[in-house]
Amino acid sequence: MKQVFQILVVLLISLSSCQGKKSQQEVKESVQLLDSTDQAIFNSIREIAGSMSIDSLSLDDRVVEVAKMFMQTAYVGGTLDGNEKEQLVVNFRELDCTTYLENVVALSKALSNDSLTTDDFLNELENLRYRNGKLTDYSSRLHYFSDWIYENEKKGIVKNMTAEIGGEKYNKAINFMSTHVDSYPALKADTSLVKEIRNTENEINKRELFYIPETKIQQLEDQIQNGDLIAITTKIEGLDISHVGIAIHVNDRLHLMNASSKAKKVMISDIPLADMLLNNKFQSGIMVARLK
């Protein structure tokens with residue numbers, strides 16, 4: 001199994017290096033389809049998954065195995081925002097923390113089908129990424145990850161486990177996007193979208209949110225399962241979540257599979273998640289969602 005993953009990692013790295021100069025342009029062309037490079041990676045994932053009978057695994061185990069396939073993939077931020085008009089962007093070569101998580105979940109869910117097709121994956125991805133599962137415009141994207149969890153719980157895709165595990169109330173006003181319009185090119189280009197974003201923030205602020213404080217993670221980490229989705233809460237004013245990843249236990253401690261902006265690649269955290277947060281002055285705790 002390890003050898004199979006190494007083959008895919010080599011493929012991902014070689015395709016990225018061969019296509020690096022035009023990958024940013026190709027992102028702009030990914031509308032309801034995969035370009036040739038991403039299609040090749042998708043086909044390899046499908047073949048490897050078939051050879052390993054990943055479709056027969058439980059969903060949480062499937063998530064872990066698919067997540068491992070992207071180890072060492074380059075971290076690149078902002079790959080969803082290179083278009084004048086919101087599009088269903090697919091980019092397997094360059095991942096940020098959210099696109100890594102979304103690609104892994106969408107592929108894992110689509111692999112439950114007897115014969116995985118590109119359309120299966122794209123349908124799962126759109127359903128995850130957008131409010132009510134439909135892309136309409138920039139404001140329909142689930143930008144705030146606590147909102148992502150809430151909306152995908154309504155769709156029956158995940159269950160928010162935070163309170164059940166032992167989380168505490170997360171009292172925070174969410175308004176970062178509407179108060180930092182200059183940081184979002186789409187909002188600067190079309191200020192009418194700001195009203196929709198502000199409406200979303202108002203809805204989030206009506207909800208009762210929970211989080212597990214960084215000081216409690218270690219004592220509760222045995223209740224978090226491999227394949228759970230981890231959202232890291234932040235001390236940054238107006239923002240709910242600053243980073244996301246996938247839970248994996250290593251040597252009886254909870255670690256994070258994630259696309260790391262610091263390491264510039266997809267990796268498993270070098271240290272346990274609890275220690276990672278305690279060492280970061282901007283992170284405050286986690287939310288946990290479990291796929292259904």
With (1) within 12 Å of the chain's Cα centre (by Cα); (2) assigned to a helix (DSSP H, G or I) as the list, and R62 as the residue in question, which single condition is left unmet?
(1)
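Would you pick out the residues in region 221-242 that are at positive phi and surrounded by fewer than 16 Cβ atoms within 10 Å (Cβ to Cβ)?
Going residue by residue through region 221-242, those that are at positive phi are 227, 238.
The answer is G238, and nothing else.
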Could you please find all residues in region 178-207 being touching a residue at least 40 places away in the same chain (Cβ under 8 Å), aliphatic (A, V, I, L, M), open to solvent by less than 60 Å² (accessible area, probe 1.4 Å) and under 20 Å from K85 (Cα atoms)?
A186, L187, L193, I197
Every pair of residues 6+ apart whose Cβ atoms lie under 6 Å, when the first sits in region 63-86 and is at positive phi while the second is basic (K, R)
Q72/K265
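This table checks each residue for (1) more than 13 Å from the chain's Cα centre (by Cα); (2) in a helix (DSSP H, G or I); (3) at pLDDT 95 or above.
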{"site": "E47", "(1), (2), (3)": "yes, yes, no"}
{"site": "M71", "(1), (2), (3)": "yes, no, yes"}
{"site": "K85", "(1), (2), (3)": "yes, no, no"}
{"site": "V105", "(1), (2), (3)": "no, yes, yes"}
{"site": "S108", "(1), (2), (3)": "no, yes, yes"}
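Run down E221, E203 and say which single residue is out of contact with any Ser or Thr (no Cβ under 7 Å at 6 or more places or on another chain) and farther than 28 Å from S108 by Cβ.
Values: E221 fails: farther than 28 Å from S108 by Cβ.
Of the residues listed, the single one that is out of contact with any Ser or Thr (no Cβ under 7 Å at 6 or more places or on another chain) and farther than 28 Å from S108 by Cβ is E203.
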Note on I45: of the conditions (1) aliphatic (A, V, I, L, M); (2) open to solvent by 10 Å² or more (accessible area, probe 1.4 Å); (3) touching a residue at least 60 places away in the same chain (Cβ under 8 Å), unmet is (2)
Top-ranked residue of region 272-292 - restricted to ones that are touching an Asp or Glu at 6+ places or on another chain (Cβ under 6 Å) and open to solvent by 40 Å² or more (accessible area, probe 1.4 Å), ranked as nearest to F145 (Cα to Cα):
R290
Residue by residue through region 158-204, note down the ones that are out of contact with any helix residue (DSSP H, G or I) (no Cβ under 9 Å at 6 or more places or on another chain), within 18 Å of I232 (Cα to Cα) and assigned to a helix (DSSP H, G or I).
A163
Can we say G245 is modelled with pLDDT of 95 or more, crowded, with 21+ Cβ neighbours inside 10 Å and farther than 22 Å from K281 by Cα?
no
Return yes or no: is Q218 open to solvent by 60 Å² or more (accessible area, probe 1.4 Å) and in contact with a Pro (Cβ under 8 Å, 6 or more places away or on another chain)?
yes
Region 244-270 residues that are over 15 Å from N226 (Cα atoms), paired with ones that are of a type in the set (D, E) and not in a strand (DSSP E or B) (beta carbon under 9 Å, 6 or more apart)
A259/D96; S261/D96; A263/D270
So N113 ticks every box in (1) at pLDDT 95 or above; (2) surrounded by fewer than 18 Cβ atoms within 10 Å (Cβ to Cβ) but one. Which box is left unticked?
(1)
Being farther than 17 Å from I230 by Cα and free of Cβ contacts under 8 Å to residues at least 12 places away in the same chain narrows S112, S58 down to just S58
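The values are calculated or read from the model by the stated rules, or taken from the named source; none is laboratory data. All values derive from a computational prediction rather than experimental measurement. Cβ coordinates were reconstructed from backbone atoms using ideal geometry, including for glycine residues, and neighbour counts include every protein chain displayed. Surface accessibility is based on the protein's heavy atoms, side chains included, excluding ligands, DNA and RNA. Shrake-Rupley method; radii C 1.70, N 1.55, O 1.52, S 1.80 Å.
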